Amino acid sequence: MNSVLKEILDTKKVSDGTEILRLHSSMDEHEGDLISKVIQRVRPTTSLEVGFAYGVSTLFICDALARIDRPARHIVLDPFQFSEWKGIGLRNIKSAGYDKFVELREERSEIALPQLLNENTILDVAVIDGWHTFDHALVDFFYINKMLRIGGVVVLDDSTMPSVGRLVDHVLTYGCYRIFGIPSGHGLFVRRLAYYGRLKKTKWPSAIALEKIASDNRRFDWYRPF
């Protein structure tokens, strides 16, 4: 594991170079291990991530890309990297020596993804970890599905959230996706309800990887309950 990533995971802190901040809004080691397995299996040349924040999930991705030792392009979409996240994600990537992989687009995903589709981008791996309303996550998936090749894998983070979990339900009715994997570890199907201080069991774990096994050939009037 890269020393920058290890230090962040060990200390649960990040820095913008002048101020030390508590780590939050990031993937944990179980989810990072799932991403590593996806990268190792698919061996992507082009991958994409919606959401960047402090760059922890990107570090997991780039760490895995470095181990397969081949040219790779990792596109990251985050319009708030400097306005809200103080450039910490990009700083961490550069400190780890992974800036050779990363192409940051400071645009909202609903703007950037259609542009990438128009550029004839073909994706091997994608991670959806942006705005978590059902409609927004669905828009992210809609465009990623059009760019993801057969055999590619999309990872949906925070699938314990009802909005993202319902998106998983919806995608699995398409007929061209199957579950590739989930994070290992104890308690992954339990979500803490922050406002009420209690635990609730959920249908899906904290993240889920779905493999595209065929072309999306649904009819123009296709619909399945989910």
- prompt: Can you find a residue in segment 140-155 that is farther than 21 Å from Ile213 by Cβ, among the β-branched types (Val, Ile, Thr) and in a helix (DSSP H, G or I)?
  reply: no
message: Please return the ranges of helices (runs of 4 or more DSSP H) entirely within segment 1-118 where 2 or more residues are within 25 Å of Ile150 (Cβ to Cβ).
response: 29-42, 56-68, 109-118
message: Pull out all pairs, ordered by first then second residue, where Cβ-Cβ is under 6 Å, the residues are six or more apart or on different chains, the first lies in segment 71-85 and is closer than 24 Å to Ile39 by Cα, and the second is of a type in the set (Ser, Thr, Tyr) and assigned to a loop (DSSP other than H, G, I, E, B).
response: Ala72/Thr45
Selection from segment 109-132 of residues that are under 15 Å from the mean Cα position of the chain (by Cα) and of a type outside the set (A, V, I, L, M): Ser109, Asp124, Asp129, Gly130, Trp131, His132
- prompt: Got at least one residue in segment 18-41 being among the polar types (S, T, N, Q), touching a residue at least 60 places away in the same chain (Cβ under 8 Å) and surrounded by fewer than 17 Cβ atoms within 10 Å (Cβ to Cβ)?
  reply: no
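Rule-based calculations on the coordinates, nothing more; no lab input. Note that the coordinates shown come from a computational prediction; the quantities given were computed from them, not determined experimentally. Note that each Cβ is placed from the backbone with ideal geometry, even for glycine, and that neighbours are counted across all protein chains shown.
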